[in-house]
Amino acid sequence: MTTNILEKFDAAAMLAQVQDWCAINTGTGNIEGLAQQASKLVGAFSTLPGEVELIDPAPVTAIAADGNEFEKPNGQHMVLRVRPQANARILLTGHMDTVFPKEHSFQSLTWLEDDVLNGPGVADMKGGISVILHALMAFETMPGASALGYDVMINSDEETGSLASSALIAEMARGKLAALTFEPAALPDGTLAHARGGTGNYSIIITGKSAHAGRNPHEGRNAIVAAADLILRLKAMEREDITVNPAKLEGGAANNVVPDHAVLRFNIRPKSTEAMDNFDNDIKALLRSIESDHEVSTHRHGGVTRPPKPVDESAQKLFDLVQKCGAQLGQKIAWKSTGGVCDGNNIAACGVPVVDTMGVRGGSIHSPDEFLVVSSLTERAALSALVLSRIAAGDMH
């Protein structure tokens, strides 16, 4: 089977598909563009057996600069369910959104070399979505495919933390034998991401008391000073197993007014579940201290969006299977731990083994230099199809 598996793929069709999808701006906030992309995905994935549907996003709120909470719009998510009654079922995931809003200057495709295409989302991850589709199309023609059921979930908000799809991911991961996520390879040579740290995004709203800076400053309670103190104390909470990045401070008023309002936004990167839990406990005590020392009130919004993803024995078994399948195809598969995060973190938190960089080879993602190694479309589709066939044959039981 491995000698002719590449013959199952139409490289030109895959490339044309990626080019067509990348012509649509799908920045996470571009609801119209996401709807257009979702419609195209429904059409494309309808070639597979099973039911395709669009799922409404879960409600998500954010904090405005004035400290008020508002609902943040998100696009629909695409879901395909094939053979839901099968005894062995797996999950395949990807995302249709990119980090480039419709106002961004990076909107077009450019050939850098014969096999290297530059463009928004070519690697992260419209190329990966094409890999999912064509790997499944090939898998359906293989002996034993009927033994394996699968769900596909393509969400619309991965680039902003999957807050509108995290419950859907957890629901679809439940009871699955394994999962494959099609983020681009960790390195352009095809190296997979192994263990991952976690991430959390927080907004702290600080409310003080305004006063005239000249006449009665002692009657004021300076929210900016309290926020500055909080920034220093947060940074001091860094350890080997967690980093803290104060990212943005908003608030204040005229120079002659004691500011009564501030919003501090920061990110954490815990390397372990223990570090994540310890931080959550410690920040509660820290905010109480800030309130007491500065006579202000605080309100916390947000938290950990993606838990750390260690690689346990069952996950390593899946990595080993991918490596063996790669060797059969003449592909050398290696892996390395990374500080980046993705939906693979959410899946692993559900106790499901996952390899989350099964997508294309490429690089410079999240920048106008993003590129796709075009030949990797068929290469990674063949790898995924072979992995699926081995899982169907019982290699993960």
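The values are calculated or read from the model by the stated rules, or taken from the named source; none is laboratory data. Computed from a prediction, not measured in an experiment: that's the story for all the values here. Glycine gets a Cβ as well: all are built from the backbone with ideal geometry, and neighbour counts include every protein chain shown. Side chains are part of the model used for accessible areas, which takes the heavy atoms of the whole protein and leaves out ligands, DNA and RNA. Shrake-Rupley method; radii C 1.70, N 1.55, O 1.52, S 1.80 Å.
Do any GluC sites (Glu not before Pro) in segment 1-108 lie in a DSSP loop with no more than 11 other beta carbon atoms within 10 Å, and if so, which?
Answer in residue order: Glu103.
Pull out a ≥ b ≥ c, the square roots of the eigenvalues of the alpha-carbon gyration tensor of segment 131-179, then state rounded if a/c is under 1.5, prolate if not and a/b is larger than b/c, and oblate in the remaining case.
Taking the square roots of the gyration eigenvalues as a ≥ b ≥ c, segment 131-179 is oblate.
Please turn the phi angles of segment 353-362 into ³J(HN,Hα) values with the Karplus equation 6.51 cos²θ - 1.76 cosθ + 1.60 (θ = phi - 60°), one per residue in order, whole Hz, x for glycine and proline.
x, 9, 10, 10, 10, 8, x, 5, 7, x
Please report, largest first and rounded to whole Å, the three semi-axes of the ellipsoid equivalent to segment 1-122, where each semi-axis is the square root of five times an eigenvalue of the C-alpha gyration tensor. Don't skip to the end; give the middle numbers.
On the way: eigenvalues 183, 115, 27 Å².
Working through the eigenvalues yields semi-axes of 30, 24, 12 Å.
What is the distance, in nm, between label points placed 7 Å from the Cα along the Cα-to-Cβ direction at Leu6 and at Arg300?
Distance between label points: 5.3 nm.
So how far apart, in nm, are the two label points at Asp20 and Ala254 if each is 7 Å from Cα heading toward Cβ?
Taking the two extended label points, one gets 6.0 nm.
Roughly how far apart, in whole Å, are the Cα centres of segment 305-338 and segment 89-121?
A separation of 24 Å, based on Cα centres.
On a 0 to 90° scale, report how tilted helix 376-392 is relative to the longest principal axis of the chain, with both axes built from alpha carbons and the result rounded to the nearest 10.
The answer is roughly 80 degrees.
I want to verify the translational diffusion coefficient of segment 333-379 in µm²/s; compute it with Stokes-Einstein, Rh as the Kirkwood radius over Cα pairs, at 37 °C and 0.692 mPa s. Intermediate results must be reported in sequence, preceding the final value.
Details: Rh = 12.6 Å.
Answer, rounded: 260 µm²/s.
Going 7 Å from the Cα of Asp320 along its beta-carbon direction, which residues of segment 354-397 have the amide nitrogen within less than 20 Å of the resulting point?
It comes to 354-357, 384, 386-397, nothing else.
Once phi is turned into θ = phi - 60°, what whole-Hz ³J(HN,Hα) does the Karplus curve with 6.51, -1.76 and 1.60 give for every residue of segment 38-48, x standing for Gly and Pro?
Each residue of segment 38-48 in turn: 4, 4, 5, 5, 4, x, 5, 7, 5, 6, 8 Hz.
Report the gain in length on full extension from Ser364 to Asp229: 0.36 nm times residue separation, minus Cα-Cα distance, nm rounded to one decimal.
My answer for the length gained is 45.0 nm.
Classify segment 302-371 as rounded, prolate or oblate, taking a ≥ b ≥ c as the square roots of the eigenvalues of its Cα gyration tensor: rounded when a/c is under 1.5, otherwise prolate if a/b is larger than b/c and oblate if not.
oblate
For segment 215-330, with only Lys/Arg (+1) and Asp/Glu (-1) charged at the beta-carbon, what is the dipole magnitude about the Cα centre, in debye rounded to 20?
Numbers: 16 positive and 17 negative charges, 77 e Å.
The dipole magnitude comes to about 360 debye.
Identify, among Ile63, Val131, Leu321, the residue whose Cα sits farthest towards the positive end of the charge dipole of the chain, taking +1 on the Cβ of Lys and Arg and -1 on the Cβ of Asp and Glu, with the dipole about the Cα centre.
Going by the Cα projections, it comes out as Leu321.
First measure r as the distance between the Cβ atoms of Ala62 and Ala334, then evaluate 1/(1 + (r/R0)^6) with R0 = 35 Å and state the FRET efficiency to the nearest 0.05.
E(calc), rounded to 0.05, equals 0.35.
How far is it, in nm, from the label point at Glu103 to the one at Asn245 when both lie 7 Å from their Cα along the line to the Cβ?
A separation of 2.2 nm, rounded to one decimal place.
Assigning unit charges at the beta carbon (Lys, Arg +1; Asp, Glu -1) and nothing else, what dipole magnitude in debye, to the nearest 20, does the chain show about its Cα centre?
Working: 33 positive and 47 negative charges, 119 e Å.
Computed charge dipole of the chain: roughly 580 debye.
Exposed loop trypsin sites (Lys or Arg not before Pro) only (DSSP loop, at most 16 other Cβ atoms within 10 Å): please give the longest stretch of the chain free of them, not including the sites.
216-331
Taking amide hydrogens as modeled 1.01 Å from N in the peptide plane, which residues meet the under 5 Å criterion relative to Ala88, leaving out close sequence neighbours?
Amide H to amide H, under 5 Å and 5 or more residues apart or across chains, Ala88 pairs with Gly149.
What does the accessible area of Ser46 come to, in Å² to the nearest 10, when a probe of 1.4 Å is used?
Looks like 70 Å² after rounding.
Taking the Cα centre of segment 167-249 as origin, work out the dipole magnitude from +1 charges on Lys and Arg Cβ and -1 charges on Asp and Glu Cβ, in debye rounded to 20.
Approximately 400 debye in magnitude.
Putting +1 on Lys and Arg Cβ atoms and -1 on Asp and Glu Cβ atoms, find which of Gln331, Val304, Ala285 reaches farthest to the positive end of the dipole of segment 279-332.
Toward the positive end, the furthest listed residue is Gln331.
Under the classification rounded if a/c is under 1.5, otherwise prolate if a/b is larger than b/c and oblate if not, where does segment 82-231 fall, given a ≥ b ≥ c as square roots of the Cα gyration tensor eigenvalues?
Working: a/c = 3.53, a/b = 1.97, b/c = 1.80.
Cα axes put segment 82-231 in the prolate bin.
Going by Cα centres, segment 220-277 and segment 41-75 are how many Å apart?
After rounding, the separation between the Cα centres reads 30 Å.
Report, in degrees rounded to the nearest 10, the 0 to 90 angle that the Cα long axis of helix 273-294 makes with the longest principal axis of the chain.
Roughly 20 degrees between the two axes.
Step through the residues of segment 6-22 one at a time and calculate ³J(HN,Hα) from phi using the Karplus curve (6.51 cos²θ - 1.76 cosθ + 1.60, θ = phi - 60°), rounding each to whole Hz and writing x for Gly and Pro.
Along segment 6-22, the couplings run 5, 5, 6, 10, 9, 4, 5, 5, 5, 4, 4, 5, 4, 4, 5, 5, 6 Hz.
For Ser146 and Glu71, calculate 0.36 nm times their separation in residues minus their Cα-Cα distance, and state this gained length in nm to one decimal.
22.7 nm
Please name whichever of Asn25, Ala211, Leu232 sits farthest to the positive end of the charge dipole of the chain, dipole taken about the Cα centre and charges placed at Cβ: Lys and Arg +1, Asp and Glu -1.
My answer, from the dipole projection, is Leu232.
How big is Rg to Rh over segment 242-397, alpha-carbon atoms, Rh as the Kirkwood inverse-mean-distance radius? Numbers along the way, then the final one.
Values: Rg = 22.3 Å, Rh = 19.6 Å.
Radius of gyration over Kirkwood radius for segment 242-397 works out to 1.14.
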